[in-house]
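The values are calculated or read from the model by the stated rules, or taken from the named source; none is laboratory data. Values in this document were obtained by computation on a predicted structure and should not be read as measured data. All Cβ positions, even for glycine, are placed from backbone atoms using ideal geometry, and neighbour counts span all protein chains on display. Only protein heavy atoms, including side chains, enter the accessible area calculation; ligands, DNA and RNA are left aside. Shrake-Rupley method; radii C 1.70, N 1.55, O 1.52, S 1.80 Å.
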Amino acid sequence: MTGTGFKPRTALALVLFMCIVALAPAHPQAQSGEKNFISIGTGSVTGVYYPAGGSICHLLNRGRRTHGIRCSVESSSGSAENIKNIRANEIDFGVVQSDTQYQAVNGLSVFADDGPYDDLRAVMSLYFESFTLVARTDSNINSINDLPGKSVNLGNPGSGQRGTMDSVMKAMGWTEDTFAEVHELKASEQSRALCDGVIDAMVYTVGHPNASIKEATALCDSILAEVTGAEISKLVSDNHYYSFVTIPGGMYRGTDYDINTFGVGATLVTSANMSEEVVYEMVKSVFDNIETFRELHPAFSDVDTTKMASEGLSAPIHPGAIRYYREKGIIK
Ligand code: GLU
């Protein structure tokens, strides 16, 4: 072909070149070869960690065209498993209870064999979680003090509630023999087990309201029970990461009155190896859109950015988060 200057090979080369340009990442982070696909370890799909991770990813992914980061969530056994998976490089971020975060940093409890996790980094605090005791009405359990001799789900290994329950049992001077039966069911299984009569009571360290406890209180006659008394007061005053809380009456069928218990913070953690840019963008996408975040789940409705940058964070704060908090004057 002559005259027009059109050559099929040239055209093909041009198309190929344009495809490469179009596919090439336009953001500096991708060009520098840093990790763009990140995962957040959460909890059971019936809990609040799963929607919490999903909400963070949703807000972060909205800015994907600018920063190039893509976020996804994974369900898991819960707090302790999330921290172990971050340490093993299997996930990048994890939602974890503030007591579990403290224990991991200091190599305590379920982390005793692994030793202190020096590279654990705090990103932000999210919302409050209450240690929640739910009992079938016919089991005559109205308070934590009524649990001896009953069939109780202590929580699955790797979950945060199992860790909190272990602390409660220690504080009360209980062992597994204190109960008629102990179970290690996952959070997603326990509501059904409660209503099927497999267990008399279940515990869940969780934000409110949540789908799991709605399920337990809708499927059969069950109530939330008080977690109070001298031993619980001592447990809370001896450990800075615990505080007293009231679960407002009327949230769940069968419990129209306030329930006194204690709780922890739900926090987001990562490893010291995580890129500063990724953590910065993640914090920015949540904090810059805090009104939207509050609307994504009723348990997030009263989150406060000042508290989110400080409360319940035992691990050193990741430099990417510090950069955002300083920029906004949230921390000095
Ligand atoms: N606090 C629970 C845990 O650490 C999870 C609660 C939830 O999934 O919302 O395992």
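Could you give the spread of the C-alpha atoms of the chain along their three principal axes, from largest to smallest, in whole angstroms?
Largest to smallest, the principal-axis extents are 95, 43, 38 Å.
Rolling a 1.4 Å sphere over the protein heavy atoms, what is the accessible area per residue of the chain, to the nearest Å²?
Counting only protein heavy atoms, the per-residue value for the chain is 45 Å².
Express the carbon and sulfur contribution to the solvent-accessible surface of the chain as a percent, rounded to the nearest whole number, probe 1.4 angstrom.
Carbon with sulfur: 52 percent of the solvent-accessible area.
Number of Lys pairs in the chain with C-alpha atoms less than 18 angstrom apart, excluding same-chain neighbours closer than eight positions?
Going through the chain pair by pair, I get 10.
Which log10 I(q)/I(0) values, to two decimals, does region 26-166 give at q = 0.09, 0.11, 0.17 Å⁻¹ under the Debye formula with one point per Cα?
Taken in order of the listed q values, log10 I(q)/I(0) reads -0.35, -0.50, -0.98.
Arranged from highest to lowest average of other beta-carbon atoms within 10 Å per residue, in what order do the peptides 131-144, 89-102, 273-286 appear?
89-102, 273-286, 131-144
Give me the one-decimal nm value for the distance between modelled label points at ARG253 and ASN106, 7 Å along each residue's Cα-to-Cβ direction.
The modelled label-to-label distance comes out at 4.2 nm.
For SER44, SER72, what's the largest-to-smallest order of accessible area, 1.4 Å probe?
SER72, SER44
Could you order the peptides 189-196, 174-181, 231-238 from most to least packed, using the average number of other C-beta atoms within 10 Å per residue?
189-196, 231-238, 174-181
With a/c under 1.5 counting as rounded, go ahead and sort region 146-217 into rounded, prolate or oblate using the C-alpha gyration tensor (a ≥ b ≥ c being the square roots of the eigenvalues; past the cut-off, prolate if a/b is larger than b/c, else oblate).
Oblate is the answer for region 146-217, as a/c is 1.5 or above yet b/c matches or exceeds a/b.
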